[in-house]
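Structure first, commentary second.
The values are calculated or read from the model by the stated rules, or taken from the named source; none is laboratory data. Model, not experiment: these values are computed from the prediction. All Cβ positions, glycine included, derive from the backbone under ideal geometry; neighbour counts span all protein chains shown.
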Amino acid sequence: MSDARRLQYLEAMGIQAWAERGAAPAAAGVAEAPGAIAEPAPVSFSTESSIEAGDSDVARLDWDALQARVKGCTLCGLEKTRTQTVFGVGNRSAAWMVVGEAPGADEDRQGEPFVGRAGQLLNEMLWALGLERAEVYIANVLKCRPPGNRDPSPNEVACCEPYLKRQVALIKPKIILAVGRIAAQNLLKTDTRIGALRGRVHRYADTGIPLVVTYHPAYLLRSPLEKRKSWDDLQLAARTFGGGAG
């Protein structure tokens, strides 16, 4: 991707700092910002051992079998209101994995995560890092839309968790970007507010995979002044990835 094109996407996010300094826009893995980052721990893909015994069969499924299991899932009751499941999309050998909350109305209709205006902004966030949408893998904590786009219930999250864990185990990403409060809190098993989760590198479950938290694109559309903070998060993720995580 050319520097000119990347600058275009940075400007779409309201980011102009790099141009003001006379430097090229930051590419993934080479961004610089104040503050040191601890050396990432080695990644261990022992995801199967972290899945409860009752879900151990999910930990043995290949991609086709996992997608079929999700498509026919009736564990939490959301099959009664969904149009279709939203399994995930992208490169199944991706170094970057993006995890959001749950499908919305557009995603429920199209069967793909992060479409519509929020999806376009997510694409711009990735492009600003020098990444194409097709290069990463995008999934949600929930594979079905909660009615009225309400927050997922604890039971719904628990029912879907083995599916996401298996996706992570199959992909073996080098870094996970958690977008939005619901995704971050459920991936990290915490009720800490998103503002306190941002700005540092977490680890996903027992895998050791670095996880960085940022705001959901839908929130950024409503609060464009927060785009600067989101860009800081993306730079943190890029530095962590470039530092050899995994």
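Can you confirm whether ALA158 is surrounded by fewer than 17 Cβ atoms within 10 Å (Cβ to Cβ) and among the hydrophobic types (A, V, I, L, M, F, W, C)? Criteria met by ALA158. The condition (being modelled with pLDDT of 95 or more and not polar (S, T, N, Q)) is satisfied by just one residue among PRO103, PRO40: PRO103.
The conditions of being assigned to a loop (DSSP other than H, G, I, E, B), in contact with a Lys or Arg (Cβ under 8 Å, 6 or more places away or on another chain), of a type outside the set (Gly, Ala, Ser) and without any contact (Cβ under 8 Å) to a residue 60 or more places away in the chain are met by PRO103. Checked across segment 107-125, the condition of being in contact (Cβ under 8 Å) with a residue 12 or more places away in the chain, surrounded by fewer than 20 Cβ atoms within 10 Å (Cβ to Cβ), at negative phi and in a loop (DSSP other than H, G, I, E, B) holds for at least one residue. Tell me, yes or no, whether segment 172-185 has at least one residue that is without any contact (Cβ under 8 Å) to a residue 40 or more places away in the chain, in contact with a Lys or Arg (Cβ under 9 Å, 6 or more places away or on another chain), surrounded by fewer than 24 Cβ atoms within 10 Å (Cβ to Cβ) and not charged (D, E, K, R). Within segment 172-185, one or more residues are without any contact (Cβ under 8 Å) to a residue 40 or more places away in the chain, in contact with a Lys or Arg (Cβ under 9 Å, 6 or more places away or on another chain), surrounded by fewer than 24 Cβ atoms within 10 Å (Cβ to Cβ) and not charged (D, E, K, R). Checked against the criterion of being touching a Ser or Thr at 6+ places or on another chain (Cβ under 7 Å) and either farther than 17 Å from THR214 by Cα or surrounded by 19 or more Cβ atoms within 10 Å (Cβ to Cβ) (or both), the candidates VAL136, VAL99, VAL70, VAL141 yield just one match: VAL70. Could you grab me the full set of residues in segment 187-199 that are surrounded by 12 or more Cβ atoms within 10 Å (Cβ to Cβ) and in contact (Cβ under 8 Å) with a residue 12 or more places away in the chain? Hits for segment 187-199 are LEU187, LEU188, ILE194, LEU197, ARG198, GLY199.
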